[in-house]
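The values are calculated or read from the model by the stated rules, or taken from the named source; none is laboratory data. Everything quoted here is computed from the prediction, not taken from an experiment. Positions of Cβ are generated from backbone atoms using ideal geometry, with glycine treated the same way; all protein chains shown enter the neighbour counts.
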Amino acid sequence: MLDKNLLEILVCPVTKGPLIYDKARAELISVAGRLAYPIRDDIPVMLEEEARTLSAEEAEGYRKGGSAQLG
């Protein structure tokens, strides 16, 4: 489980925008960048080359606060 204080200060390194914590997938989501940063051993890996690209549908689901969004 990530520290809530850490989650409040982390931003997407590409867009500098906010991130959404998806606990079920162990990822930090950048809707604006359409990127999902992995969390390994409770440590966010904030490297663009390690991020997974979100489909337009996935990004829209997070934008609308769909069931995939957890936090």
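Some notes on this structure:
- Given (1) basic (Lys, Arg); (2) within 10 Å of the chain's Cα centre (by Cα); (3) at pLDDT 95 or above, number of the condition residue 23 does not satisfy: (3)
- Every residue from segment 21-47 that is surrounded by fewer than 12 Cβ atoms within 10 Å (Cβ to Cβ) and either farther than 19 Å from residue 65 by Cα or in contact with a Cys (Cβ under 9 Å, 6 or more places away or on another chain) (or both): 40, 41, 42, 43, 47
- Residue that is modelled with the lowest pLDDT [pool: residues in segment 58-68 that are over 12 Å from the mean Cα position of the chain (by Cα) and over 10 Å from residue 34 (Cα atoms)]: 67
- Residues of segment 1-28 that turn out to be part of a loop (DSSP other than H, G, I, E, B) and either small (Gly, Ala, Ser) or out of contact with any Leu (no Cβ under 7 Å at 6 or more places or on another chain) (or both), as a count: 11
- Taken together, the residues in segment 29-40 that are among the aliphatic types (A, V, I, L, M), farther than 11 Å from residue 52 by Cβ and in a strand (DSSP E or B) amount to 1.
- Within segment 8-46, the set of residues being free of Cβ contacts under 8 Å to residues at least 24 places away in the same chain and of a type in the set (A, V, I, L, M) comprises 9, 11, 19, 26, 28, 32, 35, 36, 43, 45.
- Here residue 59 fulfils each of the conditions (1) surrounded by 18 or more Cβ atoms within 10 Å (Cβ to Cβ); (2) touching a strand residue (DSSP E or B) at 6+ places or on another chain (Cβ under 7 Å); (3) of a type in the set (A, V, I, L, M, F, W, C) apart from (2).
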